[in-house]
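Q: This is the structure I want to talk about, given as structure tokens.
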């Protein structure tokens, strides 16, 4: 019997297994898909590699940086960052640069942006409970409408007024118009207090063959140490008694039921699925809270373009409301080895949808036609340049931060914390839009809990703008050691 059973071979699950291996503990990891990495996998299509979204390897946690280098070693590249915003037929640098914005918006619009910002700072809102209020307070309503509203509503499919301010606090952190202008003048990517602003970094690490390379290497290292990763098992029942998980049951791809036991259990399953898989089922109020959690789905249309250079960016945010795509990745600019032929370029056109949307069920051919048309519409390519294409879908890619998610999560968390041998980690396991490094950190903390530490996994990435309140810290000490609770 394996000492610890881990559900999910994404960054959180594999990191938990890797940390446990370093602590001398055996693990078995169950993965429903044929590949490891979760949304940090790399898909290989005819030799062209691409991400499920783009994955920068950058962290404030020294221990996570150590792990990345330890796992991948010489195949870990340092890459320059270049990203821009497409709006009204023009490209704007992101992070915003004062002269670039002035040239793109013109002096009149830039002046109006400045007045809007001054008004927002002069008449501060006491409450900032939604995304619109949070961003407008820091950038002004005019800049919010230009550079935040359209793109954010493409991602989530709901009004910015329905999105919790937590989303902005986590993703934009301590960036503001003041800091963006300061960075445009000083250019060091740090706040006035000396902190690195994640949104402003100008270089990052990246695996030579994409993020999936990191997790394939991690899986291989675990295997050499006697820790198994089993593919093609989708967990659908979790039997428990007296607040302890006893057995886990899953279905293989050919429909067979398999079961696994263990002393400890770590889950990266979406919380909604986890709660509904428990046997016996939890009380009605727990089920209702779980079923109110929502997830945003994602698909990418990959175009193989017969052109050596299409644009210099790693990715471009598409704020233009006339097209449905939200972002375009240029995988060749993440790593030149992502394409087999240097004369070609592979582009990933990202669409954020609900799985009930009509577009989600379109055939690949129609999605590809739409992607080619929209890419031509905003001036990226000519349709005749596309020589091949494919589509990849990813369900439950993003946990939704609506106005009720905190309340629902509190109910679920209280119930789950009553289990003595079950921990949930990662983006979907905590219903938190974590970056990869935060997901990994939850795996590290969970692993250390199994050997006797008492770390609050739920505290990772909860502090507004990385504030440390003395109760739980995201990064502490030289190695990112968690604070006991």
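The values are calculated or read from the model by the stated rules, or taken from the named source; none is laboratory data. Not measured: the values here are computed from a predicted model. Cβ coordinates were reconstructed from backbone atoms using ideal geometry, including for glycine residues, and neighbour counts include every protein chain displayed.
Q: Can you tell me which residues in the stretch 118-167 are without any contact (Cβ under 8 Å) to a residue 40 or more places away in the chain and at positive phi?
A: Of everything in the stretch 118-167, just one residue is without any contact (Cβ under 8 Å) to a residue 40 or more places away in the chain and at positive phi, namely 140.
Listed here are the residues, each with its yes/no results for (1) free of Cβ contacts under 8 Å to residues at least 24 places away in the same chain; (2) assigned by TED's automatic domain parsing to the domain that holds residue 270; (3) assigned to a loop (DSSP other than H, G, I, E, B); (4) under 15 Å from the mean Cα position of the chain (by Cα).
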residue: 12; (1), (2), (3), (4): no, yes, no, yes
residue: 19; (1), (2), (3), (4): no, yes, no, no
residue: 24; (1), (2), (3), (4): yes, yes, yes, no
residue: 34; (1), (2), (3), (4): no, yes, yes, no
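Q: Wholly within the stretch 137-216, which helices (runs of 4 or more DSSP H) include no fewer than the required count, namely at least 1 residues that are over 25 Å from residue 53 (Cα atoms) and either modelled with pLDDT under 75 or in contact with a strand residue (DSSP E or B) (Cβ under 8 Å, 6 or more places away or on another chain) (or both)?
A: Numbers: elements: 141-144, 150-156, 165-171, 177-186.
Ranges flagged: 177-186.
Q: If you scan the stretch 417-465, which residues turn out to be more than 25 Å from residue 135 (Cα to Cα) and in a loop (DSSP other than H, G, I, E, B)?
A: The answer is 417, 418, 419, 420, 421, 425, 451, 452, 453, 454, 456.
Q: Separate question: Condition first: at pLDDT 80 or above, in contact with a helix residue (DSSP H, G or I) (Cβ under 7 Å, 6 or more places away or on another chain) and surrounded by 15 or more Cβ atoms within 10 Å (Cβ to Cβ). Now tell me which residues in the stretch 79-104 satisfy that.
A: Listed by number, the residues that qualify are 85, 87, 92, 93.
Q: Let me ask something else about it. Among the residues of the stretch 308-326, what is the count of those that are within 13 Å of residue 155 (Cβ to Cβ) and either free of Cβ contacts under 8 Å to residues at least 60 places away in the same chain or assigned to a loop (DSSP other than H, G, I, E, B) (or both)? Explain how you work it out, then say what you get.
A: Let us first name the residues in the stretch 308-326 that are within 13 Å of residue 155 (Cβ to Cβ), namely 317-319, 324-326.
From what is left, the residues that are either free of Cβ contacts under 8 Å to residues at least 60 places away in the same chain or assigned to a loop (DSSP other than H, G, I, E, B) (or both) are 319, 324-326.
Count: 4.
Q: Looking at residue 388 and the list (1) surrounded by fewer than 16 Cβ atoms within 10 Å (Cβ to Cβ); (2) at pLDDT below 95; (3) touching a strand residue (DSSP E or B) at 6+ places or on another chain (Cβ under 6 Å), which single condition is not satisfied?
A: Looking at each condition in turn, residue 388 falls short on (2).
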